[in-house]
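Colleague: Before we start, here is the structure in question, set down as structure tokens.
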Amino acid sequence: MLHRICKREGNWVALALMALASPATAKDKLPPDAFAATAPAPLPEPAANGAIFQSDGYTPLTSGNRAGAVGDIVTIQLVERMSASKSNSASTGRNGSIGVTPPVTGPLDLFSPTDINMGGDQSFKGKGEAAQTSSLNGEISVTIAAVYPNGTMLVRGEKTLTLNRGDDRIQFSGIIRAADISADNRIPSSRVADAKIRYTGNGEIARASKQGWLQRFFSKISPF
């Protein structure tokens with residue numbers, strides 16, 4: 001579609017739109033219900049077998065109120081702290097010279113010693129450093145979306161905070177173990193496998209911290 005616009009219009013605005021619509025942007029888009037809450041399964045009809053004990057919906061006394069069924073709520077404690085650094089350096093050096101002293105008599109006395117002296121020097125120095133630190137703290141309550149045969153559970157959920165200057169949204173999904181859930185149904189995010197945490201925002205504050213579309217276009221094509 002964008003290629004046809006560029007061919008028909010032939011202007012730089014269409015070229016800018018094509019440059020900004022990269023495949024990575026489309027890949028990052030998730031379905032609207034990717035982090036939607038999961039409702040608990042309906043309770044089955046009691047079996048008419050005359051027994052007092054029914055296994056459907058049974059929860060052992062040792063588990064208490066600990067979450068373990070689809071639709072139950074688990075609170076994720078966000079304790080993400082990541083830090084990485086890297087540095088390297090290198091240096092090389094090389095020099096050499098050669099010189100020949102011609103005879104002072106005979107047919108070769110026409111050459112001066114400076115005419116056949118050669119030398120060279122070579123050196124290189126390089127250094128690089130990189131460092132990155134990220135931190136995320138808080139809590140988000142999610143629901144159990146699936147319970148697997150080995151006892152692990154898939155959890156997912158989102159939280160949206162609307163302020164007068166924009167919206168903040170945090171989305172979370174991952175796989176947890178029942179043994180890691182505390183008595184008050186809390187689990188640190190460091191114990192979540194395949195964790196996906198998305199913290200996004202929109203509004204005038206978020207727009208002010210981003211480059212404009214024309215500036216992003218020139219940043220993509222700039223050779224500097």
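Colleague: Take segment 194-224 and flag every residue that is surrounded by fewer than 10 Cβ atoms within 10 Å (Cβ to Cβ) and closer than 30 Å to Arg66 by Cα.
Modeller: Asp194, the sole residue that qualifies.
Colleague: Continuing with the same structure: Of all residues in segment 128-150, how many are surrounded by 11 or more Cβ atoms within 10 Å (Cβ to Cβ) and of a type outside the set (Asp, Glu)?
Modeller: Of the residues in segment 128-150, the ones surrounded by 11 or more Cβ atoms within 10 Å (Cβ to Cβ) are 136, 138-147.
Within this subset, residues satisfying the condition of being of a type outside the set (Asp, Glu) are 136, 138, 140-147.
Qualifying residue count, segment 128-150: 10.
Colleague: Taking interchain pairs and intrachain pairs at least six residues apart, which have beta carbon atoms under 8 angstrom, with the first residue in segment 193-209 and under 14 Å from Gly166 (Cα atoms) and the second surrounded by fewer than 11 Cβ atoms within 10 Å (Cβ to Cβ) and not basic (Lys, Arg)?
Modeller: Gly203/Leu163
Colleague: Suppose we keep only residues that are in a strand (DSSP E or B) and among the acidic types (Asp, Glu) within segment 146-188. Which one would you say is modelled with the highest pLDDT?
Modeller: Only one residue tops the list, namely Glu158.
The values are calculated or read from the model by the stated rules, or taken from the named source; none is laboratory data. In this text, all values refer to a predicted model and were calculated from it rather than measured experimentally. For neighbour counting, all protein chains shown are included, and Cβ atoms are generated from backbone atoms with ideal geometry for every residue, glycine included.
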